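Taking it in order: structure first as structure tokens, then the write-up.
The values are calculated or read from the model by the stated rules, or taken from the named source; none is laboratory data. The structure presented is a predicted model; accordingly, all values stated were derived computationally and were not measured. Because the Cβ atoms are built from the backbone with ideal geometry, glycine has one as well, and the counts that use them run over all protein chains shown. Ligands, DNA and RNA are excluded from the accessible area calculation, which covers all protein heavy atoms including side chains. Shrake-Rupley method; radii C 1.70, N 1.55, O 1.52, S 1.80 Å.
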Amino acid sequence: DWRKWFPYLTMCVFAVFVFWGLLFFTPHQLSGCPLSCECFAVTSTVKCVSKSLLTVPKNIPGYARTLIFTGNHLHQIGPDSFKKITELASHTFSALTILRFLDLSANQLALIHPEALSIPDSPLQELNLSQALHNFTALTDLTTALRWGGLWGLLRLDLSGNHLALLPPGMFSYVPSLRQLLLSNNSLLAVYSGTFSELDRLGNIKILLGNNPYTCTCEIHEFVTWLNKSKAQVDVEAVRCSSPEDLNNSLLRGLTVQAVGCIVPVLSEVTDITLPTVYPPLFFICLQCFERCINKISFQEARGWRPIVEHNHSHFCTSFLFCLCKLLSVLHVMTVPSCHFFRLQGSISVLL
């Protein structure tokens with residue numbers, strides 16, 4: 001009779017549920033969970049709450065997706081704390097209000113939330129992202145995170161070894177206290193104007209830009225100008241040309257615009273700067289003179305007297321003035337009032 005075995009079946013089912021509950025829904029140490037933490041395999045969560053921890057435990061299980069470290073005294077998160085991180089979510093470190101040093105190097109960050117680095121009161125002083133950015137999207141995300149993170153107290157930023165080919169202008173405008181910036185061992189071909197404009201105000205900042213494949217063509221002349229004028233401490237001996245071949249291994253500092261293939265403006269091009277102030281009065285003086293000449297010639301024509309020389313002379317002068325007027329208008333060097341322009345054009349049409 002099944003009723004005879006019912007109590008035994010009930011006990012077996014209960015034992016199975018208890019076993020699975022102990023295995024998956026309670027903290028356990030069987031899979032390398034740190035002694036001061038609680039690990040939950042099913043929810044992929046590790047909790048180390050109010051354990052007076054000074055550093056992040058090193059033996060966090062690989063399945064962990066959610067880490068909770070509230071109520072501790074973490075001053076530093078080092079390179080051995082986390083591995084193979086691909087994403088930084090919003091307010092990832094916001095609970096670590098006394099965090100000073102954050103090392104996320106040697107990871108593969110592909111997605112960084114705009115507020116991933118936001119921590120109340122901006123305690124972070126050093127941020128190491130060496131060999132941590134997986135692609136260009138991560139760089140643009142980081143630029144936004146630096147802007148929204150409120151990292152006013154950040155003193156050192158390491159972006160070396162990330163294969164960076166360019167730096168967005170104004171990327172470092174929101175880290176005004178920066179004292180060290182490491183950009184060596186990347187793939188920088190040039191650094192464009194405006195990238196370090198805010199950092200130049202700091203004066204004594206140290207910027208490492210060496211071991212990058214700089215292309216020393218005319219496009220790099222602004223970077224060379226900055227190197228020659230900047231007061232920042234740059235590792236200039238390591239900032240060298242990679243191409244073209246005739247400039248290979250040449251120091252960027254000290255290069256002239258001619259050396260990088262730029263054409264120096266000739267004197268006439270420089271003096272053109274004075275056109276807006278010189279030509280307007282000159283034009284109207286010429287206009288008045290030629291109008292008097294035109295009126296005189298028209299009067300003589302009415303009397304039937306028109307020497308060939310004067311006719312050719314007026315034809316040449318008025319044509320020249322018309323061309324000059326059109327040229328200045330096209331070049332936007334000056335604005336010719338419409339009444340004068342059409343009056344002149346009408347007079348010229350009579351003679352041409």
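From the set of residues in segment 174-203 that are farther than 26 Å from VAL260 by Cβ and in a loop (DSSP other than H, G, I, E, B), which is nearest to the chain's Cα centre (by Cα)?
Here the answer is TYR174.
So, in segment 123-141, of the ones that are open to solvent by less than 30 Å² (accessible area, probe 1.4 Å) and polar (S, T, N, Q), which residue ends up farthest from ASN162 (Cα to Cα)?
ASN128
Restricting to segment 138-156, give me the number of residues that are under 17 Å from GLU115 (Cβ atoms) and either touching a strand residue (DSSP E or B) at 6+ places or on another chain (Cβ under 7 Å) or assigned to a helix (DSSP H, G or I) (or both).
Qualifying residue count for the region: 11.
Just one of (1) open to solvent by 20 Å² or more (accessible area, probe 1.4 Å); (2) out of contact with any strand residue (DSSP E or B) (no Cβ under 9 Å at 6 or more places or on another chain) trips up THR195, so point out which.
Only one criterion is unmet by THR195, namely (1).
What is the one condition in (1) touching a strand residue (DSSP E or B) at 6+ places or on another chain (Cβ under 9 Å); (2) assigned to a loop (DSSP other than H, G, I, E, B); (3) farther than 15 Å from PRO114 by Cα that GLN131 does not satisfy?
(1)
Just name the residue that is nearest to ARG201 (Cα to Cα) out of those in segment 240-263 that are in contact (Cβ under 8 Å) with a residue 12 or more places away in the chain and touching a strand residue (DSSP E or B) at 6+ places or on another chain (Cβ under 7 Å).
Taking the candidates together, the pick is LEU252.
I'm checking my understanding of the structure. Among residues of segment 69-88 that are open to solvent by 50 Å² or more (accessible area, probe 1.4 Å) and modelled with pLDDT of 85 or more, which one is farthest from ASP141 (Cα to Cα)?
THR86
Can you run down the residue pairs with Cβ atoms below 7 Å, 6 or more apart or on separate chains, where the first is in segment 89-107 and closer than 12 Å to GLY149 by Cα and the partner is open to solvent by 50 Å² or more (accessible area, probe 1.4 Å) and part of a loop (DSSP other than H, G, I, E, B)?
SER90/HIS113; SER90/GLU115; HIS91/GLU115; SER94/PRO120
Which members of segment 32-67 meet the condition of being loosely packed, with under 14 Cβ neighbours inside 10 Å and part of a strand (DSSP E or B)?
Result: THR66, single match.
Suppose we keep only residues that are in contact with a Ser or Thr (Cβ under 8 Å, 6 or more places away or on another chain) and either of a type in the set (Phe, Trp, Tyr) or under 23 Å from GLY153 (Cα atoms) (or both) within segment 203-222. Which one would you say is most open to solvent (accessible area, probe 1.4 Å)?
LEU208
Among the residues in segment 157-173, are any closer than 20 Å to GLN233 by Cβ, assigned to a loop (DSSP other than H, G, I, E, B), modelled with pLDDT of 95 or more and open to solvent by less than 30 Å² (accessible area, probe 1.4 Å)?
The answer is yes; a qualifying residue exists.
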